[in-house]
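Where a number appears in this text, it was derived from the coordinates with a stated rule and is not lab data. Computed from a predicted structure; not experimentally measured. All Cβ positions, glycine included, derive from the backbone under ideal geometry; neighbour counts span all protein chains shown.
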Amino acid sequence: MTADLRFDGVQAEVGGRTLLAGLDFAVRPGEVVGLIGRNGVGKTTLLRIASAALAPGAGRVLLGGEDVTTLSRRALARRVALVPQDLHVPFPFRVGELVLMGRAPHQPLLGLESESDVARAREALDRLGIGDLADRDITHLSGGERQLTLFARALVQDPEVLLLDEPTAFLDLKHRVEVLAEVRAFAARGRAALVVSHDLSLAARTCDRVVLLGVGGIVAAGAPSEVLQPDALRRAFDIEAESFAAPDGQVVVVPRIPTARD
Amino acid sequence: MTRLSRSRLALVLGVLLAAVVVITLVALATGPSNVGAPDVVKIVFGDASDIDAATRDIVLRVRGPRVLLGLLVGAALATAGAVFQALLRNPLADPYVLGVSGGAALAGISALALGATFALPTSSVPMAAFGGGLIATGLLYWVSGGRGRSSPTGLLLTGVVFNAFASAGIVFLASVAGFFEGSRIFLWLIGHLSAVEIDAVGVVAASVALGLVTAFLLSRSLNLLALGDESALHLGVPVESHRRWLLLATSLMVGAAVAVSGLIGFVGLIVPHTLRLVIGSDHRLLLPATALTGAGFLVLSDTLARTVLDGRELPVGAVTAIVGGPLFIYLLRRAQARGPMT
């Protein structure tokens with residue numbers, strides 16, 4: 001049985017400024033939840049709070065009922081993995097080495113990766129179609145390749161909860177689809193995923209539920225087809241947009257681009 | 001997929017260890033009075049009854065302590081460089097460049113100056129140097145905003161200022177105390193292994209061993225810290241405590257090294273950088289390899305320093321600076337070409 005991730009009255013602050021207050025929502029095992037909202041609204045900050053990299057101004061984040069700030073770093077890293085937007089490392093680690101670092105919380109202080117660790121890493125790389133990058137120097141990767149590498153590392157970490165910060169920002173459409181399919185597959189194994197995304201239509205296809213954030217708090221939360229509607233999008237993004245049902249029933253969001261005459 | 005296996009560890013470290021042994025024997029055999037290599041091997045490893053006492057004294061009492069301290073100082077400075085580079089996420093970091101050695105030297109000289117007045121034990125010099133290194137490291141973190149967010153140029157400027165301040169302080173103290181010959185101050189500032197005392201070896205060896213073991217134990221954490229604090233947190237590293245231990249370990253090693261050799265520069269820059277190109281960045285291999293290579297490199301440099309000018313000795317710091325200076329400029333240039341290393 002894997003744990004759920006519950007935000008309980010969470011207040012997100014950056015530099016003493018309150019971004020979000022009184023946030024209540026949960027990500028349950030087997031579920032992919034999308035976190036949507038404009039830049040600077042506090043999405044990344046929420047992920048940092050969920051991974052205990054940052055303390056909330058108020059409230060708490062519960063992992064299977066336990067406050068994440070009470071768990072040791074190692075214990076938490078075995079259960080929660082975060083895929084950052086990007087990573088700059090000034091040292092020539094190999095892609096394979098970086099991915100194997102995902103096994104660190106499962107290993108003793110001293111010791112080397114086992115055969116099964118290596119097999120896991122190789123499998124993750126292959127599944128994301130970057131098996132041929134294993135021996136490449138990470139300082140020579142493109143943004144998209146780096147993003148796939150970081151995702152592979154998070155999969156190798158084998159967590160109960162996966163936090164993804166715009167995991168497809170640098171990816172082409174094919175790789176976006178592949179990454180999101182992997183996120184779905186992860187949830188299908190009874191784990192929970194929380195994904196920050198700016199691609200609303202793709203998020204709608206990936207997520208069971210979405211949480212739409214506006215300035216200060218949640219604008220709407222629920223099934224994508226219910227949440228991603230013109231009125232809520234206007235409040236969250238200050239834009240005019242239309243929502244359609246695609247032939248398969250899923251919602252497609254089309255923003256209106258203001259012209260010079262407007 | 002390249003991965004760190006037991007056999008790879010054993011192979012790389014075995015080759016380096018063999019090289020260090022050879023360099024050590026060469027260093028012991030080299031000098032004004034000729035001692036043959038077979039005699040040196042006999043003296044070091046076993047039965048030396050057929051070798052006259054004067055030759056044995058030259059190898060064991062004159063060259064021995066100097067070579068031994070060279071090994072320790074080289075291992076300490078090189079490993080400290082590798083640790084600083086990972087912690088600060090800056091390939092240009094080095095105890096000398098960052099001014100940590102300068103801080104240690106200033107404190108060491110203070111202890112030496114006061115020691116003459118207040119009859120402090122000689123072991124107070126390495127302890128003071130350790131404290132000075134620690135203070136300089138703390139200041140460095142404070143000035144740079146800490147947490148690996150510092151820009152390379154900001155760090156370098158901080159180091160330049162620390163070094164200038166420390167050098168001025170050293171010269172000032174030495175003048176006030178009035179017991180230093182001009183040339184001895186010069187030797188402290190450029191870094192040397194020529195005034196080595198046998199009784200220093202014990203304290204230095206213990207400090208360096210303690211520092212090395214701590215760094216080796218935390219080498220996996222260092223891999224993760226090199227990715228940045230948040231990445232390390234997310235991969236289960238208790239960042240604050242591991243960083244504190246690593247900084248203590250490096251300050252201890254640098255303090256010990258500086259207390260006996262002054263300001264030898266660039267060893268911590270040259271050795272880890274060259275090794276990363278050959279064996280990669282995994283600190284579980286890089287750190288012990290750096291310690292071995294640093295040890296060999298400094299003894300080799302010192303052997304060159306005492307033989308290259310016939311009859312006269314060059315301070316070993318001059319040799320490392322001649323190699324390290326251009327490398328530093330090259331690395332700086334490359335870092336700038338790549339853009340800010342955030």
* Asked: When the Karplus curve 6.51 cos²θ - 1.76 cosθ + 1.60 is applied with θ = phi - 60°, which whole-Hz ³J(HN,Hα) does each residue of segment A:129-146 get, with x for Gly and Pro?
  -> x, 10, x, 6, 8, 3, 9, 7, 6, 5, 6, 9, 7, 7, x, x, 5, 5
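When 1/r is averaged over all different Cα pairs and the result inverted, which Kirkwood radius in Å belongs to segment B:1-51?
Over segment B:1-51, the inverse of the mean reciprocal pair distance is 13.0 Å.
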* To do: Would you mind checking which residues have amide H under 5 Å from A:Ala220's amide H? H placed 1.01 Å from N; only 5 or more apart, or other chain.
  => A:Leu212
* To do: Would you mind telling me which residue in A:Asp137, A:Asp67, A:Asp248 has the biggest mean-square fluctuation in a Gaussian network model of chain A, where springs connect alpha carbons within a distance under 10 angstrom?
  => A:Asp248
* Separation between Cα centres of segment B:232-308 and segment A:10-25, rounded to whole Å -> 43
* **Inter-label distance for A:Val177 and B:Ala37, nm, one decimal - labels placed 7 Å from Cα along Cα-to-Cβ** => 6.6
* **Pairwise FRET efficiency - A:Asp8 versus A:Asp248, Cβ, R0 = 30 Å, nearest 0.05** => 0.30
* Calculated FRET efficiency for the pair A:Arg136/A:Ala260, C-beta based, R₀ 56 Å, to 0.05 -> 0.75
* To do: Please express the shape of segment B:70-337 as an equivalent ellipsoid: the semi-axes are the square roots of 5 times the eigenvalues of the C-alpha gyration tensor, given largest first in whole angstrom.
  => 28, 20, 18
* Size-normalised alpha-carbon gyration radius of segment A:93-156, reference 2.2 N^0.38 Å -> 1.04
* **From phi via Karplus (6.51, -1.76, 1.60), per-residue ³J(HN,Hα) for segment A:87-98 in Hz, x at Gly/Pro** => 8, 10, 10, x, 10, x, 5, 8, 3, x, 5, 4
* Asked: Each residue of segment B:241-255 in order: what ³J(HN,Hα) in whole Hz does its phi give by Karplus 6.51 cos²θ - 1.76 cosθ + 1.60, θ = phi - 60°, with x for Gly and Pro?
  -> 5, 5, 5, 4, 4, 5, 5, 4, 4, 5, 4, 4, 5, 5, x
* Structure fact -> Sorted by chain and number, the residues with a modelled amide H under 5 Å from that of B:Asp282, at a separation of 5 or more or across chains, are none
* **Charge dipole (debye, nearest 20) of segment B:70-337; +1 at Cβ of Lys and Arg, -1 at Cβ of Asp and Glu** => 600
* Asked: Long-range amide H contacts for B:Gly191: which residues qualify at under 5 Å (H placed 1.01 Å from N, peptide plane, sequence gap of 5 or more or a different chain)?
  -> B:Leu263
* **Cα coordinate range in chain A, projected on the principal axes (Å, largest first)** => 61, 39, 36
* To do: Run the dipole for segment A:111-262 about the Cα centre, Lys and Arg Cβ at +1, Asp and Glu Cβ at -1, nothing else charged, and hand back the magnitude in debye, nearest 20.
  => 360
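Considering Cα pairs under 8 angstrom that are at least six residues apart, work out the relative contact order of chain A and quote it in whole percent.
24
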* Asked: Let a ≥ b ≥ c be the square roots of the eigenvalues of the Cα gyration tensor of the protein assembly as shown; is it rounded (a/c under 1.5), or, if not, prolate (a/b larger than b/c) or oblate?
  -> prolate
* Unit charges at the beta carbon, dipole of segment B:70-337: most positive-side option, B:Gly131, B:Gly191, B:Phe328 -> B:Phe328
* Asked: Between segment B:36-75 and segment A:212-241, what's the alpha-carbon centroid distance in Å?
  -> 79
* Relative contact order (%) - chain B, alpha-carbon pairs under 8 angstrom, separation at least six -> 29
* Low-density loop cleavage sites - trypsin sites (Lys or Arg not before Pro) in segment A:227-262, where at most 10 other Cβ are within 10 Å (DSSP) -> A:Arg261
